[in-house]
Amino acid sequence: MKYYSSVLAAALVSVGLTSASWAQEDTIKIGVLHSLSGTMAISETTLKDTVLMMVEQQNAKGGLLGKKIEAVVVDPASDWPLFAEKARELISVNGVDAIFGCWTSVSRKSVLPVIEELNGLLFYPVQYEGEESSKNVIYTGAAPNQQAIPAVDYMAEELGVEKWALLGTDYVYPRTTNNILDAYLKGKGVAEGDIFVNYTPFGHSDWSKIVADVKALGADGKKVGVVSTINGDANIGFYKELAAAGISAEEIPVIAFSVGEEELAGLDTTNLVGHLAAWNYFQSAENDTNKAFIDEWHKFTENDKRVTNDPMEATVIGFNAWVKAVEKAGTTDTDPVLDAIVGVEVPNLTGGMAKVLPNHHLTKPVLIGEIRADGQFDIVSQTDEVAGDAWTDFLPESAKLDSDWPGKKCGMWNTETNSCVQEKSNY
């Protein structure tokens with residue numbers, strides 16, 4: 001009898017070990033699709049780290065649906081077609097249930113056909129040009145009405161700007177955003193001759209003529225303002241040239257949409273002090289939620305000098321909304337999660353709540369920050385939460401479009417014909 005008891009005990013131990021091993025392997029996988037090399041690594045590596053921190057914290061709470069979350073990290077290497085290949089690999093080979101990733105609009109648009117074909121789920125955490133709504137994307141960054149339009153209103157109403165220089169890097173986000181701003185300003189009565197638009201390639205360094213053209217705009221005594229969608233290290237040369245030309249932030253203020261704490265960290269901010277940026281979050285936001293997040297970030301990175309920024313907040317909001325939707329749906333399958341996520345509310349880091357809307361965008365406050373010498377921002381303006389608009393009201397072809405995924409199952413709903421233009425996103 002003792003022999004059989006021993007055999008039974010050994011068998012139970014064996015089963016227990018097998019079950020424990022199986023439970024460890026049976027994880028919920030998510031993909032992290034951010035450039036860890038190439039020109040975008042300086043910005044995107046931080047977002048990879050943010051996802052890993054959120055996974056660690058969620059697992060410490062017991063995981064999700066009784067399972068641990070496993071992050072599968074890949075490197076699309078700032079190569080836009082490679083983003084699509086890596087997205088396909090994450091879904092088809094690694095079997096991830098959601099992807100957190102992309103930065104530039106061209107990388108997102110590269111991924112869109114893949115995730116729609118495979119019915120994947122992408123959380124996109126960066127401000128963008130709008131004019132898009134995919135069933136398979138939750139846009140946690142700002143649409144133009146949550147950044148660009150309020151920024152222009154601030155410059156006109158608070159700074160008295162009457163003439164506009166719209167300066168951008170030559171790719172889809174600046175061009176589309178500036179098309180919207182051009183139409184918006186003209187609708188406000190700004191003359192065509194009072195709007196100067198210019199595009200430069202990535203890494204542009206010779207700003208002397210462009211800055212001279214901007215300065216010349218004010219020859220008639222009207223106040224000039226610059227709206228900058230300049231990306232990357234081209235900003236360094238641009239601000240240096242403004243200073244070299246003797247142009248102060250008071251004389252010609254610049255408001256940037258792609259300059260945040262991460263870009264300012266380690267830079268000489270001498271030439272940037274007093275200029276502005278428009279985001280939905282700044283590290284300098286004073287509230288308990290943000291303080292706790294910053295403390296957690298420094299603990300996770302083991303580096304008190306690592307800054308936080310807007311795309312990080314958008315990543316946190318997206319991750320927490322996904323967790324809440326999965327818990328609500330009781331599954332990680334894409335369609336039930338998408339049904340569950342609309343209406344989900346999670347805390348933002350500025351003291352309010354972010355709500356997922358039927359158009360797969362969020363409610364977000366709009367913040368204007370003034371650059372300080374220490375690379376942080378003084379928040380000079382903050383709105384209540386604004387609902388993100390997938391289709392701008394200021395372009396005629398877009399003004400008639402709505403996006404309503406749970407109701408009409410359509411991201412391009414024509415309100416004049418009451419019909420769906422197309423279900424696939426507008427690549």
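The values are calculated or read from the model by the stated rules, or taken from the named source; none is laboratory data. Here the structure is a predicted model, which is why all the values come from computation and not from measurement. All Cβ positions, even for glycine, are placed from backbone atoms using ideal geometry, and neighbour counts span all protein chains on display. Note: areas computed on protein heavy atoms with side chains; ligands, DNA, RNA excluded. Shrake-Rupley method; radii C 1.70, N 1.55, O 1.52, S 1.80 Å.
Open to solvent by 40 Å² or more (accessible area, probe 1.4 Å), farther than 18 Å from Leu121 by Cα and outside any loop (DSSP other than H, G, I, E, B) - does that describe any residue in the stretch 324-338? No, that holds for no residue. Whenever a residue of the stretch 305-330 is farther than 16 Å from Leu47 by Cα, its partners that are assigned to a loop (DSSP other than H, G, I, E, B), lying with C-beta atoms within less than 6 angstrom and at least six residues away or across chains, give the pairs Ala321/Val344; Lys324/Val344; Ala325/Val344; Val326/Thr332. Every condition in (1) more than 18 Å from the chain's Cα centre (by Cα); (2) of a type in the set (A, V, I, L, M); (3) closer than 29 Å to Thr229 by Cα; (4) open to solvent by less than 10 Å² (accessible area, probe 1.4 Å) holds for Ala265 except the one numbered (4). Residues of the stretch 140-178 that are more than 27 Å from Glu313 (Cβ to Cβ) and under 20 Å from the mean Cα position of the chain (by Cα): Asp170 alone. Of all residues in the stretch 37-60, none are open to solvent by less than 20 Å² (accessible area, probe 1.4 Å), small (Gly, Ala, Ser) and at pLDDT 95 or above. Just one of (1) over 24 Å from Thr176 (Cα atoms); (2) surrounded by 22 or more Cβ atoms within 10 Å (Cβ to Cβ); (3) basic (Lys, Arg) fails for Lys67. It is (2). Consider Thr270 carefully, then state whether it is among the β-branched types (Val, Ile, Thr) and surrounded by fewer than 17 Cβ atoms within 10 Å (Cβ to Cβ). Yes.
Residue pairs whose Cβ atoms lie under 8 Å apart, sitting 6 or more positions apart in sequence or on different chains, and linking a residue in the stretch 253-282 that is at positive phi to a partner that is modelled with pLDDT under 90 and crowded, with 24+ Cβ neighbours inside 10 Å, do not occur here.
Right, Ala292: in a strand (DSSP E or B) and either among the basic types (Lys, Arg) or within 26 Å of Met54 (Cα to Cα) (or both) or not? When the stated conditions are applied, Ala292 does not pass them. The sole residue among Gly343, Gly352 that is of a type in the set (Gly, Ala, Ser), under 21 Å from the mean Cα position of the chain (by Cα) and exposed (fewer than 15 other Cβ atoms within 10 Å of the Cβ) is Gly343.
Checking each residue in the stretch 283-294 for being without any contact (Cβ under 8 Å) to a residue 60 or more places away in the chain, under 22 Å from the mean Cα position of the chain (by Cα) and open to solvent by 40 Å² or more (accessible area, probe 1.4 Å) picks out Glu286, Lys291, Ala292.
The residues of the stretch 355-372 that are open to solvent by 10 Å² or more (accessible area, probe 1.4 Å) and either over 30 Å from Asn271 (Cβ atoms) or assigned to a strand (DSSP E or B) (or both), listed by number, are Lys355, Leu357, Pro358, Asn359, Thr363, Glu370. Of all the listed residues (Glu116, Glu129), the sole one being closer than 30 Å to Ala399 by Cβ, open to solvent by less than 10 Å² (accessible area, probe 1.4 Å) and out of contact with any Leu (no Cβ under 6 Å at 6 or more places or on another chain) is Glu129. Where the second residue is part of a loop (DSSP other than H, G, I, E, B) and open to solvent by less than 10 Å² (accessible area, probe 1.4 Å) and the first is small (Gly, Ala, Ser) and lies in the stretch 29-42, which pairs have Cβ atoms under 8 Å and are six or more apart or on separate chains? Sorted first by the residue in the stretch 29-42, then by its partner, the pairs are Ser35/Pro76; Ala41/Ser35. Considering the stretch 376-427, and only residues there that are assigned to a helix (DSSP H, G or I) and touching a residue at least 60 places away in the same chain (Cβ under 8 Å), the residue that is surrounded by the most Cβ atoms within 10 Å (Cβ to Cβ) turns out to be Trp405. Tell me, yes or no, whether the stretch 152-165 has at least one residue that is modelled with pLDDT of 95 or more, closer than 20 Å to Tyr239 by Cβ, part of a strand (DSSP E or B) and not basic (Lys, Arg). Yes; the residues of the stretch 152-165 include at least one that is modelled with pLDDT of 95 or more, closer than 20 Å to Tyr239 by Cβ, part of a strand (DSSP E or B) and not basic (Lys, Arg). In the stretch 295-304, of all residues being free of Cβ contacts under 8 Å to residues at least 40 places away in the same chain and open to solvent by less than 70 Å² (accessible area, probe 1.4 Å), the one that is nearest to Glu241 (Cα to Cα) corresponds to Asn303. Candidates Val106, Val111: the one that is in contact (Cβ under 8 Å) with a residue 12 or more places away in the chain and touching a Lys or Arg at 6+ places or on another chain (Cβ under 9 Å) is Val111. Among the residues making up the stretch 96-106, those that are crowded, with 23+ Cβ neighbours inside 10 Å and at pLDDT 95 or above are Val96, Ala98, Ile99, Phe100, Gly101, Cys102.
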